[in-house]
1. Here is a list: Asp30, Asp44, Asp67, Asp59. Which entry is at pLDDT below 95 and at negative phi?
2. Restricted to the stretch 84-100, and to residues that are free of Cβ contacts under 8 Å to residues at least 60 places away in the same chain and part of a loop (DSSP other than H, G, I, E, B), which residue is least open to solvent (accessible area, probe 1.4 Å)?
3. For the stretch 107-127, which residues satisfy the criterion of being touching a Lys or Arg at 6+ places or on another chain (Cβ under 8 Å) and assigned to a loop (DSSP other than H, G, I, E, B)?
4. Given the residues Glu119, Glu103, which is the only one that is in contact (Cβ under 8 Å) with a residue 12 or more places away in the chain and farther than 24 Å from Leu17 by Cβ?
5. Does Ala130 satisfy the condition of being of a type in the set (A, V, I, L, M), part of a helix (DSSP H, G or I), closer than 21 Å to Leu99 by Cβ and open to solvent by less than 80 Å² (accessible area, probe 1.4 Å)?
6. How many residues does the stretch 70-113 contain that are under 13 Å from Asp30 (Cβ atoms) and touching an Asp or Glu at 6+ places or on another chain (Cβ under 9 Å)?
7. Which of the residues that make up the stretch 165-179 are part of a loop (DSSP other than H, G, I, E, B) and open to solvent by 50 Å² or more (accessible area, probe 1.4 Å)?
8. Write out, first by first residue and then by second, each pair whose Cβ atoms fall under 6 Å of each other, whose residues are 6+ apart or on separate chains, and whose first residue, in the stretch 140-159, is closer than 20 Å to Ala130 by Cβ while the second is of a type in the set (Lys, Arg) and open to solvent by less than 20 Å² (accessible area, probe 1.4 Å).
Amino acid sequence: KTANLAAEWSTDYEAGLKQARETHRPILLDFTGSDWCGWCIKLDKEVFAHEAFKTGVKDKFVLVSLDYPREKSKVSEAIAAQNATLKDTYAIRGYPTILLTDEQGKPFAKTGYRPDGPETYVKHLDELLAVREKRDASFAESARTTGIDKAKALVRALESMYLDEDMVSRFYSEEIKAI
């Protein structure tokens, strides 16, 4: 990331999870190819490098950048190994992929590059935070009910998220079984 944002973004996923749990904030995972992916570079320059983004997300998210550069010296071997594992875990198929996860690393929304600058992007992220609220409300409802009502609440929770079927099946298998 740009120098003025370096302190804001972590490259250590486990440290990000720990911080998310301590601060009760979701994680914004940026899967990027910083030195080869044109859309990633645009997202960095047009959104992440701006004060409006930094200010707009600072109390809302833990920021974790997972870079897959062509120039291997840009990341340590440990970070490269971590990132390779996370690419598989989250079934990342393209860059940039922006995942929003809860404090346990369970994704609830997925996005990527969007035009129109940092203010518009922050507004988009706020809309995606509302997805988590819907998910959590439906999960809470499912915990209070049984039978078909429980199943319906679980379906609502799973359908409320901006995720593909593969990601839902990877991270919400218990809920799928319960349905």
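The values are calculated or read from the model by the stated rules, or taken from the named source; none is laboratory data. Here the structure is a predicted model, which is why all the values come from computation and not from measurement. When we count neighbours, we look across all protein chains shown, and the Cβ atoms used for this are built from the backbone with ideal geometry, even at glycine. For the accessible areas, the whole protein counts, side chains as well, though only heavy atoms, and no ligand, DNA or RNA atoms are used. Shrake-Rupley method; radii C 1.70, N 1.55, O 1.52, S 1.80 Å.
1. Values: Asp30 fails: at pLDDT below 95; Asp44 fails: at pLDDT below 95; Asp67 fails: at pLDDT below 95.
Of Asp30, Asp44, Asp67, Asp59, the one residue that is at pLDDT below 95 and at negative phi is Asp59.
2. Gly94
3. Within the stretch 107-127, Tyr113 is the sole residue that qualifies.
4. Every option except Glu119 fails the conditions.
5. It is true that Ala130 is of a type in the set (A, V, I, L, M), part of a helix (DSSP H, G or I), closer than 21 Å to Leu99 by Cβ and open to solvent by less than 80 Å² (accessible area, probe 1.4 Å).
6. So the count comes out to 7.
7. Ile179
8. Once the first residue is closer than 20 Å to Ala130 by Cβ and sits in the stretch 140-159, its partners that are of a type in the set (Lys, Arg) and open to solvent by less than 20 Å² (accessible area, probe 1.4 Å) give Ala157/Arg135.
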